[in-house]
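Beneath this line is the structure, given in structure tokens, with notes to follow.
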Amino acid sequence: MSTVMDVQAVYTLIDSLKSDGYEVVGPRLRDKALGYVAGTNGSDLPAGLGDDQSPGNYRTRDRGDGALFGFRSSPQSWRRWIFPPNAEVWSARRDNDSFVVDTSAPDSMKVAVIGARACDVAALTIQDKVFLDGQFQDPAYKARRENLLIVAVNCSLDADSNTCFCASMGTGPRVQAGHDIALTEIIEGDKHYFVADAQTDEGSRILEGISGAPAGTDEVAAADSAISNVADSMGRKVDADGLPELMNESYESPRWTVVGERCLSCTSCTMVCPTCFCTNIEDSGDLNGVATRTRSWDSCFTLRHSHIHGGAIRNTNKARYRQWAIHKMGTWQEQFGTSGCVGCGRCITWCPSGIDITEEVTAIREEA
Ligand code: SF4
Ligand code: SF4
């Protein structure tokens with residue numbers, strides 16, 4: 001059964017998570033952007049702040065309505081809390097004539113993400129396929145995943161989300177699975193409230209400790225209607241029908257030459273994407289005889305990423321963009337049984353050239 005909560009109850013929810021030993025990661029204004037930061041208190045939530053996003057452009061703005069979650073995709077998703085940008089894999093130290101290898105114990109800190117959007121929760125389930133469902137499991141990822149609690153927020157406030165296209169990718173704006181609690185924020189005149197639903201036993205236990213009242217049919221209907229409005233008026237869309245086949249057959253498309261002339265191979269799109277998982281391994285040593293192996297996020301837009309014997313096989317920006325787009329929208333399906341794109345729109349907003357994957361896919365479909 002849904003519960004209706006006021007703004008104060010959301011602050012209480014955060015306090016309650018902290019009392020339960022969770023590190024709370026939530027949205028906050030930092031460096032002129034609304035991103036997810038650890039150590040969130042209720043007073044840190046960006047009340048009344050929203051954002052404007054378009055290709056290559058991001059600005060925060062005052063909404064004037066006190067909304068706690070009145071913004072769209074954050075510059076970075078919160079994948080960094082489960083899959084950190086840099087992580088030590090192991091280190092080795094001298095021990096007389098031999099050496100000893102130390103592997104750090106998996107992180108056991110409990111993390112609660114508050115304000116997670118449907119696209120990012122969907123992206124997490126895609127990353128699970130990469131790190132947990134294959135032949136080998138990543139123990140560090142597994143430990144962080146098992147200690148993760150997700151308080152999701154359905155997108156209900158902005159009906160003109162310019163760069164988002166989750167509705168057409170089937171991942172939002174309502175969170176579908178993988179969360180513990182879902183909140184829907186409603187602002188109607190002077191009424192400001194949340195409709196809360198628990199999805200797991202842990203979510204139910206937490207919500208039981210927060211003051212609220214059973215939601216009436218009007219409140220549930222208002223929440224459904226607000227989410228539908230966002231879905232119906234999303235600024236972009238991708239025709240997902242037959243998309244993997246379309247992309248797989250697009251290798252010789254002249255469109256790749258056009259977009260390759262705009263792409264800078266800056267890697268920004270892959271750094272902000274919530275589903276990207278490529279890493280690089282680097283070894284370093286110090287004068288005390290300690291060697292360390294570190295895993296860091298990598299990008300298929302770097303030249304070295306495709307380096308095999310004799311050099312890189314994707315030498316041009318065109319080749320690298322084509323590889324990225326065909327993988328995201330095409331071959332990912334064959335590899336993991338899902339699309340590699342959840343429609344969060346970050347790669348559009350944060351591309352310095354304003355390259356828009358929805359525009360590229362549409363152009364390729366029209367050509368075909
Ligand atoms: S490809 Fe772009 S829109 Fe799709 S999930 Fe990645 S960043 Fe988001
Ligand atoms: S598509 Fe845009 S963000 Fe991605 S590498 Fe090229 S220029 Fe950078």
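Run lengths n ≥ 4 of DSSP H only: what is the helix-derived mean residue ellipticity at 222 nm for the chain, with -39500 (n - 2.57) per run over all residues, to the nearest 500? Please report the intermediate quantities before stating the final value.
On the way: 13 runs with 112 residues, N = 368.
Counting only the DSSP helices, I get -8500 deg cm²/dmol.
Grab every C-alpha pair in segment 1-134, bin the distances at 10 angstrom width from 0 up to the longest one, and report whole percents.
10, 31, 31, 16, 7, 3, 1
Can you give me the Cα centroid spacing of segment 298-359 and segment 140-193 in angstrom?
First find each Cα centre; the distance between them is then 26 Å.
Given DSSP loops and a limit of at most 14 other Cβ atoms within 10 Å, what is the longest stretch of the chain that contains no such GluC sites (Glu not before Pro)? Intermediate results must be reported in sequence, preceding the final value.
Details: sites that count: Glu249, Glu252.
Between the exposed loop sites, the longest stretch runs 1-248.
Quick one: which residues, 5+ away or cross-chain, put their amide H under 5 Å from the amide H of Cys278? H built at 1.01 Å from N.
Distant-sequence amide H within range of Cys278: Asp298.
Under the Karplus relation 6.51 cos²θ - 1.76 cosθ + 1.60, θ = phi - 60°, what is the ordered set of whole-Hz ³J(HN,Hα) values for segment 162-169, x standing for Gly and Pro?
Couplings: 5, 9, 6, 8, 5, 4, 6, 8 Hz.
Which loop-located chymotrypsin sites (Phe, Trp or Tyr not before Pro) does segment 251-337 contain, where loop means any DSSP state but H, G, I, E or B and the Cβ has at most 11 other Cβ atoms within 10 Å? Don't skip to the end; give the middle numbers.
Details: sites: Tyr251, Trp256, Phe277, Trp297, Phe301, Tyr321, Trp324, Trp332, Phe336; in loops: Tyr251, Phe277, Phe301.
Here the sparse-neighbourhood loop sites are Tyr251.
By accessible area of protein heavy atoms, probe 1.4 Å, what ranking do Lys129, Lys237 get, highest first?
On the way: Lys129 70, Lys237 155 Å².
Largest accessible area first, the list is Lys237, Lys129.
With θ set to phi - 60°, apply the Karplus curve 6.51 cos²θ - 1.76 cosθ + 1.60 along segment 176-189 and write out the HN-Hα couplings as whole Hz, x wherever there is a Gly or Pro.
Here the 3J(HN,Hα) series is 9, 7, x, 10, 9, 9, 10, 10, 10, 8, 10, 10, 10, x Hz.
Over the chain, calculate the relative contact order: mean separation of alpha carbon pairs under 8 Å at least 6 apart, over the residue count, as a percent. Don't jump to the answer; show the numbers that get you there.
On the way: 752 pairs, mean separation 79.7, N = 368.
Reported as a whole number, the value is 22 percent.
Show me 1-14, 71-84 ranked by packing, highest mean number of other Cβ atoms within 10 Å first.
Details: 1-14: 17.7, 71-84: 22.1.
Averaged packing, sorted descending, gives the order 71-84, 1-14.
Lys pairs in the chain, Cα-Cα under 23 Å, at least 8 apart or on separate chains: how many?
Details: Lys18/Lys110; Lys18/Lys142; Lys110/Lys129; Lys110/Lys142; Lys129/Lys142; Lys129/Lys328; Lys237/Lys328; Lys318/Lys328.
Step by step, the pairs that qualify in the chain add up to 8.
Between segment 221-254 and segment 108-131, what's the alpha-carbon centroid distance in Å?
Cα centres, segment 221-254 to segment 108-131: 21 Å.
Give me the Kirkwood hydrodynamic radius of segment 243-367, using the inverse of the mean 1/r over all pairs of distinct Cα atoms, in Å to one decimal. Please list the in-between numbers first.
On the way: mean 1/r = 0.0636 Å⁻¹.
15.7 Å is the Kirkwood radius here.
Have a look at the DSSP beta bridges in the chain and tell me what percent are antiparallel, nearest 5. Numbers along the way, then the final one.
Numbers: 46 of 58 bridges.
Expressed as a percentage, antiparallel bridges in the chain total about 80.
Take the Cα coordinates of the chain, assign each an equal point scatterer, and use the Debye formula without solvent to give log10 I(q)/I(0) at q = 0.10, 0.11, 0.14 Å⁻¹.
-0.68, -0.81, -1.22
The values are calculated or read from the model by the stated rules, or taken from the named source; none is laboratory data. What you are looking at is a predicted structure, and each value in this text was computed from that prediction instead of being measured. Cβ sites come from the backbone with ideal geometry, for glycine too, and all protein chains shown count toward neighbours. Just so you know, the surface numbers come from the protein's heavy atoms only, side chains and all, with ligands and any DNA or RNA stripped out. Shrake-Rupley method; radii C 1.70, N 1.55, O 1.52, S 1.80 Å.
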